[in-house]
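Peer 1: This is the structure I have questions about; it appears just below.
Any read-out appearing in this document is the output of simple, stated calculations on the displayed coordinates, not a laboratory observation. As the structure is a computational prediction, the values presented were derived from the model and not from experiment. In this analysis, Cβ positions are derived from the backbone assuming ideal geometry, glycine residues included, and neighbour counts consider all displayed protein chains.
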Amino acid sequence: MGFILREFYSPVNPGKFNIASGGCAWRLLPKCFPPVSTVRRYFYAWRDAGLFEAMNTILVMNLREVEGREASPSAGVIDSQSVKTTESGGISGYDAGKKVKGRKRHILTDTCGFLIFLPVHAADIQDRDGAVDVLAAIRKHFPWLRHIFADGGYAGNKLRSALASMGKWTVEIIRRSDTARGFEILPRRWVVERTFAWLGRCRRLAKDREKSIASSTAWTLIASIRMLTRKTARHCQC
């Protein structure tokens, strides 16, 4: 953990926050930061080493403990967000439901809305199919997580059958009332929608401009790290 914290507070990390928040290209990084080549080299090195995932996980566990909760969550909320890609190329697909050609950010949060896992894949993969890979991978990081809140896109026997072979998972589908009109706040589901809004404050995520899935995932994690550090700092000031 000491190594991760030293790396996090190194001079090149604010440069990544600046690019994520402002949505600018690498070459537009302000001159007060280290050379662009240095910041970019560290970005790729940390991405490939899994350092962004480690930072995010540690910050989530620390913030949960600060708020008086167990470090490892037992329940989570899952949802996806389809975003357009650019001419950069790479993996993409067409989400017929949302009419978006690009990629899908499939996120899993705890009940506070803190991002705990994030795979990125082509937008043409249905939610219930992508959820199987999400929940299979998350067990390595948060073994106590067993209950998932989801929307109607995850309903059906296909997902339940897949989860039954992976252990004791329970999925609770939160549906919108058939009689509801206009906007309606749905219990638990609003938490993950708020997380998308938090991440959306980073203009870099308005579109997926990355050629590789790894870089796309890394920038979303940087946006989460930026948000978590700010929330942690507010608690420290109290």
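Peer 1: Restricting to bridges with both residues inside the range 51-149, how much of the DSSP beta-bridge set is antiparallel, in percent to the nearest 5?
Peer 2: Bridges in the range 51-149 are about 85 percent antiparallel.
Peer 1: If the range 18-58 were replaced by its equivalent ellipsoid, with semi-axes equal to the square roots of 5 times the Cα gyration tensor eigenvalues, what would those be, largest first, whole Å?
Peer 2: On the way: eigenvalues 88, 30, 13 Å².
Sorted largest first and rounded, they come to 21, 12, 8 Å.
Peer 1: Lys/Arg Cβ at +1, Asp/Glu Cβ at -1, dipole of the range 40-96 taken about the Cα centre: which of T85, M61, A45 is farthest positive-ward?
Peer 2: So the residue we want is A45.
Peer 1: Evaluated at 37 °C with a viscosity of 0.692 mPa s, what Stokes-Einstein diffusion coefficient in µm²/s does the range 2-237 have when Rh comes from the Kirkwood expression over alpha-carbon pairs?
Peer 2: Rounded to a whole number, D works out at 176 µm²/s.
Peer 1: Show the residues, 5+ positions off or on another chain, whose built amide H is closer than 5 Å to the amide H of G23.
Peer 2: R203, R204
Peer 1: If amide H atoms are built 1.01 Å from N in the plane of the peptide, which residues on other chains or at least 5 residues away come under 5 Å of the amide H of C112?
Peer 2: none
Peer 1: Across the range 112-117, in residue order, what do the Karplus-derived ³J(HN,Hα) couplings come to in whole Hz, using 6.51 cos²θ - 1.76 cosθ + 1.60 with θ = phi - 60° and x for Gly and Pro?
Peer 2: In residue order, the calculated couplings are 8, x, 7, 5, 10, 7 Hz.
Peer 1: Separate question: I need the peptides 133-141, 106-114 ranked by packing, meaning the mean over residues of other C-beta atoms within 10 angstrom, with the highest value on top.
Peer 2: 106-114, 133-141
Peer 1: Whole-Hz ³J(HN,Hα) for each residue in the range 74-89, computed from phi via Karplus 6.51 cos²θ - 1.76 cosθ + 1.60 with θ = phi - 60°, x for glycine and proline: what do you get?
Peer 2: Coupling constants for the range 74-89: 9, 9, x, 10, 10, 6, 9, 9, 8, 10, 6, 9, 10, 6, 4, x Hz.
Peer 1: Here's another thing I want to ask about it. Please list the non-local residues whose amide H lies under 5 Å from the amide H of V171, H modeled 1.01 Å from N, same-chain partners needing a gap of 5 or more.
Peer 2: Hits under the 5 Å cutoff: I148.
Peer 1: Oh, and also: Roughly how many Å is it from the Cα centre of the range 46-93 to that of the range 106-144, as a whole number?
Peer 2: Using only Cα atoms, the two centres lie 9 Å from each other.
Peer 1: Still on this model: In the chain, what percentage of the DSSP-assigned beta bridges are antiparallel, given to the nearest 5?
Peer 2: Working: 17 of 25 bridges.
The antiparallel proportion sits near 70 percent.
Peer 1: If packing is taken as the mean number of other Cβ atoms within 10 Å per residue, what is the order of 192-202, 74-84, highest first?
Peer 2: Result, highest mean Cβ count within 10 Å first: 74-84, 192-202.
Peer 1: Right, something else. Treating only the Cβ of Lys, Arg, Asp and Glu as charged (+1, +1, -1, -1), what charge dipole size does the range 2-237 show about its Cα centre? Round to the nearest 20 debye.
Peer 2: In debye, rounded to 20, the range 2-237 gives about 620.
Peer 1: Tell me the relative contact order for the chain as a rounded percent, counting alpha carbon contacts under 8 Å between residues six or more apart.
Peer 2: Worked out over the chain, it gives 25 percent.
Peer 1: If you don't mind, there's one more thing I want to ask. Read phi for every residue in the range 59-67 and hand back ³J(HN,Hα) as whole Hz from Karplus 6.51 cos²θ - 1.76 cosθ + 1.60, θ = phi - 60°, with x for Gly and Pro.
Peer 2: Each residue of the range 59-67 in turn: 5, 4, 5, 5, 5, 5, 5, 4, 8 Hz.
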